[in-house]
Amino acid sequence: MEPAKEEEKGFSNICSVLQILGAKWAFLVIAELSKGPKRFKQLHRDVAVVRTQSLTDVLRHLENSGIVRREVFPTVPVTVQYSLTEKGLDFQAALKEMEKWAAKWGNEKLM
């Protein structure tokens, strides 16, 4: 494959990652779920800055992206638990690299 095509493919891959993170609060939800599975109310308490509807929207987005698993338990009332999928757990490596970059360059002014 020629270098220009490889670079385009690389940018395309980065764009797909940014689409996942582009959902408001996605990073915060992934960070909370990296601590372990949580029920909706637990997660909502832990990310108190996020409104209920926004949390629902970001969880759906992350579920559709294959990052979050939604598991329903047949209890009364129904219990729903969210956790990171294997893809979501692996996604943490990308987030850690972003954190390293931010630690190195985050305090500098944008040019």
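Computed from the coordinates by the stated procedures, all read-outs in this text should not be read as laboratory data. Model, not experiment: these values are computed from the prediction. Cβ: placed from backbone, ideal geometry, glycine included. Neighbour counts: every protein chain shown.
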Problem set entry | Debye intensity ratio I(q)/I(0), log10, the chain, q values 0.12, 0.15, 0.23 Å⁻¹ (C-alpha model) | -0.51, -0.73, -1.30
Problem set entry | Max mean-square fluctuation residue, GNM over the chain, Cα-Cα springs under 10 Å, options 33, 18, 43 | 18
For this session: Report the charge-dipole magnitude of the chain in Debye, nearest 20, computed about the Cα centre from +1 at each Lys and Arg Cβ and -1 at each Asp and Glu Cβ.
Result: 580 debye
For this session: Quickly estimate the mean residue ellipticity at 222 nm for the chain, helices only: each DSSP H run with n ≥ 4 gives -39500 (n - 2.57), and the total goes over all residues, rounded to 500.
Result: -19500 deg cm²/dmol
Exercise. Among residues other than residue 54 whose Cβ falls under 13 Å from its Cβ, what is the net charge (Lys/Arg +1, Asp/Glu -1)?
Worked result: +2
For this session: Specify the angular offset, from 0 to 90 degrees and rounded to the nearest 10, of the alpha carbon long axis of helix 86-105 from the longest principal axis of the alpha carbons in the chain.
Result: 50 degrees
Exercise. What full-extension length gain, to one decimal in nm, is calculated for residue 87 and residue 73 as 0.36 nm per residue of separation minus the Cα-Cα distance?
Worked result: 2.8 nm
For this session: Compute the long axis of helix 52-64 from its Cα atoms, compare it with the longest principal axis of the Cα atoms of the chain, and write down the angle in degrees, 0 to 90, nearest 10.
Result: 60 degrees
Exercise. What is the distance, in nm, between label points placed 7 Å from the Cα along the Cα-to-Cβ direction at residue 39 and at residue 13?
Worked result: 4.0 nm
